[in-house]
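Some notes on the structure that comes next.
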Amino acid sequence: MFIHYKSQTNVEQHTTVETARKLGLLEEEFERIKQILGRTPNFTELSIFSVMWSEHCSYKNSIVWLKTLPKSSPRILAEAGEENAGLVDIGDGYACSFKIESHNHPSAIEPYQGAATGVGGINRDIFTMGARPIAQLNSLRFGNIHSEKTQRLLRGVVKGIGDYGNAFGIPTVGGELFFDECYNINPLVNAFSAGIVKVGQTASATSYGAGNPVFIVGSATGKDGIHGAAFASKDITEDSVNDLPSVQVGDPFQEKLLLEASLEIIQSGDLIGIQDMGAAGITCSTSEMSAKGEHGMDIWLDKVPMRQANMVPFEILLSESQERMLIVMKKGAEQTIKDICDKWDLYCEQIGVVTEGGQLRYYQNGELVAEVPANDLVLGGGAPVYHREYREPAYFSEAKKFNIDEVEEPEDLQAVAEFLATHPNIASKRWVYRQYDSMVGTATMSTNAPADAAVVKVKGTDKSIVVTVDCNSRYVHADPEQGCAIAVAEAARNIVCAGGEPVAITNCLNFGNPYVPEVYWQFVGAIKGMKKACEALGTPVTGGNVSFYNQSSDEGPVFPTPTIGMLGIMEKKDNKMTLAFQQAGDAIYMLGEAQNDIASSEYLYSYHNVKLSPAPYFNMESELNVQAAVKELIADKLIQSAHDVADGGLYITLLESAMPNELGFDVETDKNYRKDAYLFGESQSRIVVSVAPGKQEAFEKALQNKQVTFKKLGVVTRHDCHIDGVLFHGISVAKKHYDTALEQILE
Amino acid sequence: MKFGVVVFPGSNCDQDLVDAISIGMQQEVVKLWHKSHDLQGCDFILLPGGFSYGDYLRSGAIARISPIMQEVVQHANSGGYVMGICNGFQILTEAGLLPGALLRNVNQKFICDNVYIKPATTNLLPTRLLDLNKAYKIPVAHGEGRYHADTDTLKRLHDNDQIMFKYSSNAAETHELYNVNGSLLNIAGVSNEKKNVFGMMPHPERAVDPELGNTDGRAIFESIVELVNA
């Protein structure tokens, strides 16, 4: 439902509980607004509260639990919630700003623009910090790949991410793609970006100094995306298409100009504060910056460059037109910002002035159309905070009854191997990533030597950042606490395998409707698991976003999907490790202990069609031990490759290590375990490494005094893949099937 | 020898080219702003990849009428060296400095990948030091890279030795199978008739830094640097 109040420009316009309800506010919230203002709000003011107090902007249903997450370490320069994105000291005078954000609801309705503007939004969060983005990743989840609807959504989302990111000119260096029926109506589109800034040259989203001028820079304002934040804060249904005006339209060319201009403005030294206009547009940026700087603003809405005529105040205030920034400069520096924007051919208009006190006053043609206190609008100020009820769902105890003995071991394991290698969740995502420019910037080190995480040079230093996005939502559904801990542990494992040191995470918490106690139970469990894992791994949470209401009214919630974006640092580039086997004759070892476990594996879920089972086996202490061991092996130059055992199990790990250089393998399984569990089970904390013949002795010696189980599986071969003496396939055939499986379905 | 890299609004490979030339090749290089009329005494002008003017209207269509391009055209017409890479190639065809046009890829998608190209001649400045029988691994990243020209033009290109690179296998076979975007005759790069203006879709500047694991592009820059310096 979209409300058209086009003719109602009158400040005195009367509002009621019913108006509030239509704007997505609760009755108690309406009462509270009246209390804050000491009067009944007019429609414009009520609209302002409705977007600022939406879940999307206020985190009102999640903040209580988010606050329990660890958020500090000596490296953290900007803690969660302090700025537009987290800021981590990477040493030598540089910092990395990074964040992940969802654009699920817009992408469900208009996949191309929804995904494109998601990419635009996350990059603006990075460069408003003063950081130049150097790497983008994305984490995508869709429904059944064979449905026409999923294919339409997938094509649109991938093209949207590609067209925006490619033109913006920052490489897309990695990501995830996962299919499950639970995402049929509501796909998940999470975008990650990381940028680099010199320490001390960062910008802040603040405003202070009465008399300082307030500018809007970038694109003109139109009617697109009005109530986008409120739209993101309700269930997705088949009727959501009626919310199409809530979806914004992106222009990467404007974004590129805005990036260059913003960085120049920040470096001018005359900047007070800067914030991008994402959710809730001018409303959100003016109120958050003012609240942070403990000042007010007078804003003249008629000065805002407009894309269309006859926009009324609430439309100008709530518009989510893309590629805009709100900038407060030092008084006297008006010409500086104008000159920079002229250079980049961008609109730059002074639309207001900083005032004493905390009031936001919005004027249209000299007439006051809304007056609200900034602090009462924002998270940490007057925005409501709720403790939601939660309850363990019935399926949880049901899942625990799973017993591997009830699953018959297939006779033809080669058929299982082929099934998994060509399964859309495991097969090569080449069809997707070929559409993304992964090499612009000439800093991507993981193109020609693939690794478990993306490795991107920080030019001007000897360092690289190592980044990944991870979440197996099937595990999280099976057991939110354990599953989310696994997501964090796997992200760290990937960074360690690529040669990095994990330092911090950002999270994108995609859940269903928080008012459903069983859904909220999943959220609480996931936060507990994340807290535990982040503390154990020493990776604090620097921020991110919460996306509730990923739930179709008719098909229940999506899998709880707390996507983890993790940042790692590689001090020296020669520490970089590939996942690819290097040479026939090298020995293959597995670090970490095998288990008789197939719970929640792709094998159990898709091959045997057993939909309910617990999360796979996971033990944090073993995880820490295996990661510590691999770090040391890499530093001591004892291994040729490292690749973690993840989706599809040990077999898929071996195959993925063999394919890049078209080598094979000859390995033996362990008779103490069921062969299907050994090959296809997804028990955690295992890493497959290869070792040159001359280094095996030193390798084994290095591991002897460690708390890590290791076992020699076999050797790297020239072409063929043998398991227990049986030829599974030649590598060129397997590689072809793996590479083209998605194309076969989509082309 | 002084290189100039033109920066249009929306260029995004300008810094990569500057890095390849200054750090990779140890040559003098400056950036040239699109609104300027000053080539700053550069001998060799490079038009970088990216999405100049947002690819509005058509790739390269607006860039060709920018102020700096008037000088670039004059520089080329008086025999000066000009080379366009990716979007730069598109701009040079739009400006009429190179024959043919770059159309949407045959699969209608943006393609980013490592591909192999082989030199079709060593009589052009950028291919002088290259091995005619070798395939060079050079990344592509474009949505509109399908080279097209009429039959007469193609014949002239062939007869006058203006075809610079062709898409190939890793063993330098120029079969249609290895034609990444549907270009006529597998053409990945060409020169003008006077052989002082060059254009190619693949990005040699992305294959210069040894830390990225691929240095096949160095030979192209070395060819340019060595001859001009000689």
The equivalent-ellipsoid semi-axes of the range B:67-120, taken as the square roots of five times the Cα gyration tensor eigenvalues and listed largest first in whole Å, are 26, 14, 10
Placing one equal point scatterer on each C-alpha of the range A:116-230 and summing with Debye, one gets log10 I(q)/I(0) at q = 0.12, 0.20, 0.22 Å⁻¹ equal to -0.58, -1.17, -1.26
Mean accessible area per residue over chain A (1.4 angstrom probe, all protein chains present, square angstrom) is 33 Å²
Among the range A:576-617, those whose backbone N falls under 20 Å of a label point 7 Å along Cα→Cβ from A:Tyr395 are A:598-617
Losing no less than 50 Å² of accessible area (probe 1.4 Å) relative to the isolated chain, the residues of the range B:101-129 are B:Lys109, B:Phe110, B:Cys112
Longest principal axis of chain A (C-alpha) makes with the long axis of helix A:649-658 (C-alpha) an angle, in degrees to the nearest 10, of 90 degrees
Partner shielding of A:446-454, taken as the mean number of other chain Cβ atoms within 10 Å, equals 2
Inverse of <1/r> over all distinct C-alpha pairs of the protein assembly as shown, i.e. the Kirkwood Rh in Å, gives 29.3 Å
Taking only the Cα positions of the range B:16-61, the convex hull volume per residue in Å³ is 86 Å³
For the range A:671-736, listing trypsin sites (Lys or Arg not before Pro) in a DSSP loop whose Cβ sees at most 13 other Cβ atoms within 10 Å gives A:Lys671, A:Arg718
For B:Ser36 and A:Lys572, extending 7 Å from Cα along the Cα-Cβ vector and measuring point to point gives, in nm, a value of 4.0 nm
Interface call, the range B:13-59: threshold 40 Å², probe 1.4 Å, accessible heavy-atom surface of protein chains, chain by itself vs complex, result B:Asp16, B:Trp33, B:Lys35, B:Phe51, B:Tyr56
If R0 = 56 Å, then A:Leu746 and A:Leu368, at their Cβ-Cβ distance, give a FRET efficiency to the nearest 0.05 of 0.55
If every Lys and Arg gets +1 and every Asp and Glu gets -1 at its Cβ, then about the Cα centre the range B:2-229 yields a dipole, in debye to the nearest 20, of 360 debye
Note: A:His719 to A:Ser268 extended length (0.36 nm per residue) minus current alpha-carbon separation gives 156.5 nm
So the carbon and sulfur contribution to the accessible area of chain A, 1.4 Å probe, in percent, is 46 percent
Quick calc, the protein assembly as shown, dipole around Cα centre from Cβ unit charges on Lys, Arg (+) and Asp, Glu (-), nearest 20 debye, gives 1400 debye
The extension gain from A:Ser72 to A:Tyr347, computed as 0.36 nm times the residue separation minus the Cα-Cα distance, is 95.1 nm
With a Förster distance of 60 angstrom and the Cβ-Cβ distance between B:His148 and A:Lys711, calculated FRET efficiency to the nearest 0.05 equals 0.55
The percentage of Cα-Cα pairs in the range A:577-747 separated by more than 28 Å is 22 percent
Averaged over residues of B:139-146, the number of beta carbons from other chains lying within 10 Å of each residue's Cβ is 3
Partner shielding of B:205-216, as the mean number of partner chain Cβ atoms within 10 Å, equals 4
Packing-ranked peptide list from B:18-25, A:411-418, highest mean Cβ count within 10 angstrom first, is B:18-25, A:411-418
Those chymotrypsin sites (Phe, Trp or Tyr not before Pro) from the range B:1-105 that are DSSP loop and have at most 15 other Cβ neighbours within 10 Å turn out to be B:Tyr56
Here the net charge surrounding A:Trp521, from other residues whose Cβ is less than 14 Å away from its Cβ (Lys, Arg +1; Asp, Glu -1), is -2
So A:Lys671 and A:Thr40, fully extended at 0.36 nm per residue minus their Cα-Cα distance, gain in nm 219.7 nm
With all protein chains present, the range B:2-229 has a carbon and sulfur share of its accessible area (1.4 Å probe) in percent of 48 percent
Scattering profile of chain B from the Debye formula, Cα beads only, expressed as log10 I(q)/I(0) at q = 0.07, 0.08 Å⁻¹, is -0.18, -0.24
Taking alpha-carbon centroids only, the range A:483-505 lies from the range A:58-92 a number of Å equal to 18 Å
With label points set 7 Å from each Cα along the Cα-to-Cβ direction at A:Asp92 and A:Thr461, the distance between them in nm comes to 0.7 nm
Rounded to 0.05, the calculated FRET efficiency for the beta carbons of A:Glu593 and B:Glu173 at R₀ = 51 Å is 0.60
Burial-style ranking of A:483-494, A:107-118, average other-beta-carbon count within 10 Å with highest first, yields A:483-494, A:107-118
iface A-B | buried accessible area, total | probe 1.4 Å | Å², round 100 | 2600 Å²
Note to self, chain A gives a 222 nm [θ] from helices alone (DSSP H runs n ≥ 4, -39500 (n - 2.57) apiece, / all residues, nearest 500) of -10000 deg cm²/dmol
Simple SL model, points at 7 angstrom along Cα→Cβ for A:Val17 and A:Asp636; separation in nm is 7.1 nm
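The values are calculated or read from the model by the stated rules, or taken from the named source; none is laboratory data. Computed from a prediction, not measured in an experiment: that's the story for all the values here. Methodologically, a virtual Cβ is constructed for each residue, glycine included, from the backbone with ideal geometry; neighbour enumeration extends over all protein chains shown. With ligands, DNA and RNA removed, areas are computed over all heavy atoms of the protein, side chains included. Shrake-Rupley method; radii C 1.70, N 1.55, O 1.52, S 1.80 Å.
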